[in-house]
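As structure tokens, the structure follows; a few thoughts come after it.
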Amino acid sequence: MSRIEATFSALKAQGRKALIPYVTAGFPFADITPALMHGMVEAGADVIELGVPFSDPMADGPVIQKAGEKALSLGVGMVHVLDQVREFRKRNNTTPVVLMGYANPVERYDQKHGTPGTTGSAFVRDAAAAGVDGVLIVDYPPEECEAFAADLRAHGMDLIFLLAPTSTSERMAQVARVASGYVYYVSLKGVTGSGALVTAAVEQMLPRIRQHVHIPVGVGFGIRDAATAQAIGKVADAVVIGSRIIQLIEDQEHAKVVPMTMDFLRGVRKALDA
């Protein structure tokens, strides 16, 4: 059982829903991520999604795009992201960490760090060694991921996929064949941080997803406060919050980033558990 599976199993036994905050690694300061991760756990996070900075993040809206650009300008790349996870693991060996990003940084890492004549992905090898538990690669389609998923599972990691309001039953079945850990339902048509969340639409979609997908379903894109998190938590297994956290911390001085994030997440956690 992976750390992600164990976490969701424990939460289900307690009748609780997972809180999954997202932050871009290396934002808003290159050195702040491990401390921010610890703060989020203390405030009630069950899983942490860590965004890998990339220059062309097609699924992300302006808020997370800007965060990625800032992190890249500070020199933060995949090597640094894995270092940050490794640092986090010195004090926390239980909270799952999911890397969310795009194919280019993963494949570039393999090119630079792979060992000639060996099989398997250098990224998978090094992510597992750093303490990563799951990977969500936005532009990896499920029909082309069976070998990658098997490599991840062999290293104790889960491959997580996005589903959207436009996903067909066929696509859901494709995802179900290779996904593990949880799936991430994108509640809105569009990019991160766009539009207003319609809870009724999510309620209608989740039973369709669960006809095909038999692992937990998290919902993100558009969850901005405790009230929307609470509403989504009534129907989903997890709520994912990203853009709102980025907005809260983007202009803060170093000393205020972690306390401000913790204060926000405590309110969301309280609402989810109510």
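It is to be established whether one or more residues within region 20-35 are over 25 Å from residue 272 (Cα atoms), outside any helix (DSSP H, G or I), free of Cβ contacts under 8 Å to residues at least 12 places away in the same chain and not small (Gly, Ala, Ser). Walk me through it before giving the result.
We begin by selecting, within region 20-35, every residue over 25 Å from residue 272 (Cα atoms); these are 25-32.
Restricting the remaining residues to those that are outside any helix (DSSP H, G or I) gives 25-32.
Then keep just the ones that are free of Cβ contacts under 8 Å to residues at least 12 places away in the same chain; that gives 31.
Filter once more, so that each one left must be not small (Gly, Ala, Ser): 31.
The answer is yes, given that some residue of region 20-35 is over 25 Å from residue 272 (Cα atoms), outside any helix (DSSP H, G or I), free of Cβ contacts under 8 Å to residues at least 12 places away in the same chain and not small (Gly, Ala, Ser).
Being open to solvent by less than 20 Å² (accessible area, probe 1.4 Å) and either out of contact with any helix residue (DSSP H, G or I) (no Cβ under 8 Å at 6 or more places or on another chain) or over 27 Å from residue 226 (Cβ atoms) (or both) is the requirement here; does residue 52 meet it? First the steps, then the outcome.
Values: open to solvent by less than 20 Å² (accessible area, probe 1.4 Å): yes; either out of contact with any helix residue (DSSP H, G or I) (no Cβ under 8 Å at 6 or more places or on another chain) or over 27 Å from residue 226 (Cβ atoms) (or both): yes.
Here the answer is yes, as residue 52 does meet what is asked.
Restricting attention to region 42-75, report how many residues are hydrophobic (A, V, I, L, M, F, W, C), more than 22 Å from residue 106 (Cβ to Cβ) and more than 14 Å from the chain's Cα centre (by Cα). Spell out how you get there, then give the answer.
Of all residues in region 42-75, those hydrophobic (A, V, I, L, M, F, W, C) come to 43, 45, 47-48, 50, 52, 54, 58-59, 63-64, 67, 71-72, 74.
If we keep only those that are more than 22 Å from residue 106 (Cβ to Cβ) too, we end up with 43, 45, 63.
In the following step, the residues that additionally are more than 14 Å from the chain's Cα centre (by Cα) were identified as 43, 63.
Residues meeting the conditions: 2.
Could you list, in sequence order, all residues of region 70-121 that are of a type in the set (Val, Ile, Thr), in contact with a helix residue (DSSP H, G or I) (Cβ under 6 Å, 6 or more places away or on another chain) and closer than 18 Å to residue 20 by Cβ?
So the first thing to find is which residues in region 70-121 are of a type in the set (Val, Ile, Thr), and the list is 76, 79, 81, 85, 94-95, 97-98, 106, 115, 118-119.
With the extra rule that they be in contact with a helix residue (DSSP H, G or I) (Cβ under 6 Å, 6 or more places away or on another chain), the set shrinks to 85, 95, 97, 106.
Those that are of a type in the set (Val, Ile, Thr), in contact with a helix residue (DSSP H, G or I) (Cβ under 6 Å, 6 or more places away or on another chain) and closer than 18 Å to residue 20 by Cβ: 85, 95, 97.
Find the residue count for region 60-77, including only residues that are aliphatic (A, V, I, L, M), open to solvent by less than 20 Å² (accessible area, probe 1.4 Å) and in contact with a Pro (Cβ under 6 Å, 6 or more places away or on another chain). Before the answer, list the steps.
To start, the set of residues in region 60-77 that are aliphatic (A, V, I, L, M) comprises 63-64, 67, 71-72, 74, 76.
Applying the additional criterion that residues be open to solvent by less than 20 Å² (accessible area, probe 1.4 Å) yields 64, 67, 71, 76.
Now restrict to residues that are in contact with a Pro (Cβ under 6 Å, 6 or more places away or on another chain): 71, 76.
Result for region 60-77: 2.
With the checklist (1) part of a loop (DSSP other than H, G, I, E, B); (2) in contact (Cβ under 8 Å) with a residue 40 or more places away in the chain in hand, flag the one item residue 120 doesn't pass.
If we test residue 120 against (1) part of a loop (DSSP other than H, G, I, E, B); (2) in contact (Cβ under 8 Å) with a residue 40 or more places away in the chain, just (2) comes out false.
Looking at 216, 207 in this structure, which one is modelled with pLDDT of 90 or more and touching a Phe, Trp or Tyr at 6+ places or on another chain (Cβ under 7 Å)?
Values: 207 fails: touching a Phe, Trp or Tyr at 6+ places or on another chain (Cβ under 7 Å).
Of 216, 207, the one residue that is modelled with pLDDT of 90 or more and touching a Phe, Trp or Tyr at 6+ places or on another chain (Cβ under 7 Å) is 216.
Could you list, in sequence order, the residues of region 78-109 that are of a type in the set (Lys, Arg) and exposed (fewer than 15 other Cβ atoms within 10 Å of the Cβ)?
90, 91, 108
So which residues in region 130-149 are of a type in the set (Gly, Ala, Ser), surrounded by 13 or more Cβ atoms within 10 Å (Cβ to Cβ) and not in a strand (DSSP E or B)?
Taking region 130-149 first, the residues of a type in the set (Gly, Ala, Ser) are 130-131, 134, 147, 149.
Okay, now just the ones that are also surrounded by 13 or more Cβ atoms within 10 Å (Cβ to Cβ), so 130-131, 134, 149.
Selection gives 130, 131, 149.
Kindly indicate whether any position in region 17-32 is of a type in the set (A, V, I, L, M, F, W, C), within 15 Å of the chain's Cα centre (by Cα), at pLDDT 95 or above and open to solvent by 10 Å² or more (accessible area, probe 1.4 Å).
So in region 17-32, the residues of a type in the set (A, V, I, L, M, F, W, C) come out as 18-20, 23, 25, 27, 29-30, 32.
Then drop every residue that is not within 15 Å of the chain's Cα centre (by Cα), which leaves 18-20, 23, 25.
Cutting the leftovers down to at pLDDT 95 or above gives us 18-20, 23, 25.
From the residues that got through so far, the ones that are open to solvent by 10 Å² or more (accessible area, probe 1.4 Å) too are none.
No, the conditions are met nowhere in region 17-32.
Given 74, 19, 11, which one is hydrophobic (A, V, I, L, M, F, W, C) and farther than 21 Å from residue 158 by Cα? Steps first, answer last, please.
On the way: 19 fails: farther than 21 Å from residue 158 by Cα; 11 fails: farther than 21 Å from residue 158 by Cα.
Every option except 74 fails the conditions.
The values are calculated or read from the model by the stated rules, or taken from the named source; none is laboratory data. If you're wondering where the values come from, they're calculated on a predicted model, not measured in any experiment. Cβ sites come from the backbone with ideal geometry, for glycine too, and all protein chains shown count toward neighbours. Protein only, heavy atoms only, side chains kept; ligands, DNA and RNA dropped before computing areas. Shrake-Rupley method; radii C 1.70, N 1.55, O 1.52, S 1.80 Å.
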